[in-house]
Structures are given as C-alpha cells and as structure tokens.
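The values are calculated or read from the model by the stated rules, or taken from the named source; none is laboratory data. Note that the structure is predicted; figures quoted are calculated from it, not measured. Cβ atoms come from the backbone with ideal geometry, glycine included; neighbour counts cover every protein chain shown.
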Amino acid sequence: AQSVTQLDSQVPVFEEAPVELRCNYSSSVSVYLFWYVQYPNQGLQLLLKYLSGSTLVKGINGFEAEFNKSQTSFHLRKPSVHISDTAEYFCAVSGRGGKYGNKLVFGAGTILRVKS
Amino acid sequence: GAVVSQHPSRVICKSGTSVKIECRSLDFQATTMFWYRQFPKQSLMLMATSNEGSKATYEQGVEKDKFLINHASLTLSTLTVTSAHPEDSSFYICSARDENLNTEAFFGQGTRLTVV
C-alpha cells in the first residue's frame with residue numbers, strides 16, 4: 001500500500017516569489033508520482049508526472065518537480081508564481097499497474113495562496 | 001491529454017431520491033474507472049474501482065448498495081447514489097484510465113451533489 005504526506009496545508013506567498021510545495025510518500029513497491037491542481041468546484045488537472053527516467057520533471061504552467069528516491073520525496077516548485085496559481089495542489093502516488101496496483105492515493109492537499 | 005466528461009456538474013435532489021452521475025471517456029477506452037468523493041477542504045477519497053464488464057471493487061467503508069456503480073462499456077461508467085440523504089452531499093469526481101496503454105488516469109470535472 002502507498003501513502004502520501006503533504007507537509008503544508010497552506011502556503012502563502014507573494015506574487016513573483018518562488019514556491020515549493022512539499023510531498024513525501026511511502027511505498028513498498030516502485031511507484032508513479034503525480035501533482036494535480038484543483039480550482040474551486042472543478043475536477044483535477046494534471047500538472048506533471050514522474051513515471052521513469054529523468055528525476056527532474058517539468059510540467060505545465062512553469063511548474064517542475066524532482067523525484068528523490070532516497071528521501072522518498074517529490075516536491076513541487078515554481079520559480080515565480082502568479083495570482084492565477086492560487087489553487088489547491090494534490091500530490092498523488094500509484095503503483096505501476098498489474099500486481100503492483102493502479103489506485104491513485106492522494107495527499108491531503110496544499111492550498112497555495114498567492115498575494116499581490 | 002485525454003478528455004473525461006462528467007455530468008451533471010451540479011445536482012440538487014430531495015432526500016430519499018436517487019441520483020445518477022455519468023462519467024464518459026471521450027477519446028480513449030476507459031478500461032478502468034475510479035470514483036472519488038471529496039468533502040469540503042479535504043482530499044479525495046477513493047470510493048470504488050470499476051473495470052469494464054466487471055463488478056466494481058469498493059473501498060472499505062463504502063456501501064455498495066448505496067453507491068451503485070455500473071461500467072457497462074469502455075467509455076461510460078455511472079455512479080448512482082440511492083436513497084440520498086443530506087450526509088451524501090459532497091463533490092464526486094470520476095477518473096478514467098486505459099490500462100492497455102498504462103498511462104495516467106484522467107479526471108472528470110466533478111459533480112457537486114446537494115441533498116435537501
């Protein structure tokens with residue numbers, strides 16, 4: 001089974017400042033890792049994913065994340081945030097399918113509040 | 001990315017009635033669909049996993065007789081909330097995945113259910 005911990009429930013930041021949203025996971029098998037964004041009363045939009053290969057993953061809207069296997073982390077970063085980035089962000093992990101399972105397990109979410 | 005359409009986006013129903021929510025994959029075959037429930041200011045809770053043509057697998061604590069899931073085709077899954085009560089009011093989100101391609105799951109826009 002997998003689990004995800006998002007260490008910060010809310011992250012306030014000023015516009016154009018950098019931001020890091022933290023995510024740690026635990027799993028007994030190899031996993032896929034994801035970051036999703038959710039705007040109020042909407043579904044989830046995939047920001048980026050790590051399946052294999054390069055540990056630095058670039059996604060949409062200028063976000064990137066780095067997979068660190070030794071620290072079991074997948075922190076999300078953006079060098080300069082905009083007001084429009086205000087939303088809730090979910091880190092998620094899944095098994096690699098087959099006998100490893102394919103269910104997405106979500107963290108509790110981090111609300112990013114960008115202030116002007 | 002692939003598109004998942006969820007309908008309706010909002011529904012209000014009276015206590016004791018049943019409500020059906022549809023989840024359609026528009027441009028891919030959804031061999032697996034997932035149904036989530038999200039309470040205010042909380043993360044997504046997986047309710048059940050359904051594979052096309054098979055009975056859904058429900059997570060622990062989810063009443064299968066109350067939340068009926070049908071996945072009769074590769075592009076459509078439905079969730080029916082039977083004999084709805086106010087405590088069933090929530091945000092329900094579906095996601096769909098093609099296991100043959102082993103890609104990530106794609107999410108619908110969500111359905112806000114209010115039971116009065």
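For the reader, a short list of remarks on this structure follows.
- Residue in the stretch B:6-18 that is under 14 Å from B:Ile93 (Cβ atoms) and in a loop (DSSP other than H, G, I, E, B) present: yes
- A:Leu51 surrounded by 17 or more Cβ atoms within 10 Å (Cβ to Cβ), hydrophobic (A, V, I, L, M, F, W, C) and at pLDDT below 95: no
- Within the stretch A:75-100, being within 14 Å of chain B (Cβ to nearest Cβ) and either assigned to a strand (DSSP E or B) or hydroxyl-bearing (Ser, Thr, Tyr) (or both) holds for A:Ala87, A:Glu88, A:Tyr89, A:Phe90, A:Cys91, A:Ala92, A:Val93, A:Ser94, A:Gly95, A:Tyr100.
- For the stretch B:67-102, the set of residues classified as surrounded by 15 or more Cβ atoms within 10 Å (Cβ to Cβ) and facing another protein chain (nearest Cβ under 9 Å) consists of B:Phe91, B:Ile93, B:Cys94, B:Ser95, B:Arg97, B:Glu99, listed by residue number.
- Number of residues in the stretch B:69-116 that are β-branched (Val, Ile, Thr) and farther than 22 Å from B:Ser15 by Cβ: the value is 3.
- Only listed residue being within 29 Å of A:Leu33 (Cα to Cα) and touching a residue at least 24 places away in the same chain (Cβ under 8 Å), chosen from B:Tyr92, B:Tyr58: B:Tyr92
- If only residues of the stretch A:1-25 that are more than 17 Å from A:Thr86 (Cα to Cα) and of a type in the set (A, V, I, L, M, F, W, C) are counted, the one that is surrounded by the most Cβ atoms within 10 Å (Cβ to Cβ) is A:Cys23.
- Qualifying residues in the stretch A:65-74 (those that are more than 28 Å from B:Glu59 (Cα to Cα) and either within 12 Å of chain B (Cβ to nearest Cβ) or not basic (Lys, Arg) (or both)) - the one surrounded by the most Cβ atoms within 10 Å (Cβ to Cβ): A:Ala65
- Residues located in the stretch B:63-116, provided they are charged (D, E, K, R) and part of a strand (DSSP E or B): B:Arg97, B:Arg112
- Leading residue by the ranking (modelled with the lowest pLDDT) among those in the stretch A:101-116 that are within 8 Å of chain B (Cβ to nearest Cβ) and surrounded by fewer than 20 Cβ atoms within 10 Å (Cβ to Cβ): A:Asn102
- Residues within the stretch A:31-74 that are outside any strand (DSSP E or B) and more than 10 Å from the chain's Cα centre (by Cα), tallied: 18
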